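Notes to accompany the following structure.
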Amino acid sequence: MGLDIEMKVSGTVDRNNIQSIRQSQRINGASQRGSIAIPQTVRGALGEVKPAPRPVQPPPPHTVHNSQYQQTQQHYQQAPQPRAPQPPVQPAQPPKKPAPPLPAGGQELRRGQKIPLSANGQPLRRLRIGLRWKVRDPRCELDASSFLLGQNNLVPSDAWFVFYGQDTSPDRSIHYRGYEGGDGSDIDIDLSMIDQQIQRITIAVTIYEAVAQRLDFSMVDSVKAVLIDASRNAAIASLDLTDCSAGVTALVVGEIYRHNGEWKFNSVGSGMSRDLADFCKVYGVEID
């Protein structure tokens, strides 16, 4: 309840009287905020009377520090963690296409046997030699190649050595075809386009890095050559070269050679114990 104070003030304000009034209010339990009505005359003398500001309570010790620590911990827990680098996804590789099957039939040749390259009594123009093999040791990578030789049984230049890295002869009479499966090669020959300086063509099969990896044809299950009339896709003759001895790293399949104005085939079927560089030197090809 409020306490109404009437004071007659003349001249100066007796500050001691005001202090005693405030003290008596606190003693009598009547101290309520805004409950004391001070006469205008007293207000004029004292000026605007403002309630005392509420004391600011300091925060409990370590409260702010602990709150900031918790917020920091929560931030790092919620922040996305960097992911470890992932290897790039490799697209699935399609299966390697094997060499197509060769036509059956024709004459079975023996080693050293010679035949004319003709069909139905007519000289062949387009010949294909199909070479197929099966390896026992997967380290054996077989390659076919052709050496176009002059009168001296040497190539006129390295350009006349036809293989997977140089698949066409300078006169465009011979073209090499390999297959993704690594189980064979085809050599297409247009006999009518062979340069006149070429007298002999040697067909060979070698093992890649045979000497360095200690590989030889005893690790190969089978090697077969088929002579095909390309205009009819018909087999003329075939040669089985499976029984190769250990130590053979280069195999001469056969030779196409001129004889009295006609082309003939000699089924050689013999091997050499040489690496590719030394084997090529026999025919005058230099490999770095």
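Results, tabulated for the structure shown:
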{"item": "Ellipsoid semi-axes in whole angstrom, largest first, where each is sqrt(5λ) of the Cα gyration tensor of region 169-251", "result": "27, 16, 12"}
{"item": "Whole-Hz ³J(HN,Hα) from phi, Karplus 6.51 cos²θ - 1.76 cosθ + 1.60, for region 102-114, glycine and proline x", "result": "8, x, 8, x, x, 7, 8, 8, 9, 4, x, 7, 10"}
{"item": "Under 5 Å, built H, 5+ apart or other chain: amide partners of residue 179", "result": "184"}
{"item": "Residue-count net charge about residue 139 - beta-carbon cut-off 12 Å; Lys, Arg +1, Asp, Glu -1", "result": "-2"}
{"item": "Prolate/oblate/rounded call for region 223-288, Cα gyration tensor, a/c under 1.5 rounded", "result": "oblate"}
{"item": "Fewest-first sequence of 175, 259 by Cβ atoms within 10 Å of each Cβ", "result": "259, 175"}
{"item": "Compactness index (Cα Rg / 2.2 N^0.38 Å), region 107-281", "result": "0.98"}
{"item": "Karplus-derived HN-Hα couplings along region 194-203 (A = 6.51, B = -1.76, C = 1.60, θ = phi - 60°), whole Hz, x at Gly and Pro", "result": "5, 4, 5, 6, 8, 10, 8, 10, 9, 9"}
{"item": "Where trypsin sites (Lys or Arg not before Pro) fall in DSSP loop in region 105-209, at most 12 other Cβ within 10 Å", "result": "110, 136, 172"}
{"item": "Added length on full extension, which subtracts the Cα-Cα distance from 0.36 nm per residue, residue 126 to residue 245", "result": "39.5 nm"}
{"item": "Full-extension gain in nm, residue 111 to residue 136, via 0.36 nm per residue minus C-alpha separation", "result": "6.7 nm"}
{"item": "J(HN,Hα) series, region 121-129, from Karplus relation 6.51 cos²θ - 1.76 cosθ + 1.60, nearest Hz, glycine and proline x", "result": "x, 10, x, 6, 9, 10, 10, 10, 9"}
{"item": "Estimated distance in nm for a label pair at residue 233 and residue 259, the labels positioned 7 Å out from Cα along Cα-to-Cβ", "result": "3.1 nm"}
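We did not get these values from a lab; they are worked out from the coordinates using the rules stated. Everything numeric here is computed off the predicted structure, so don't read it as measured data. Backbone-built Cβ (ideal geometry, glycine too); neighbour counts: all protein chains shown.
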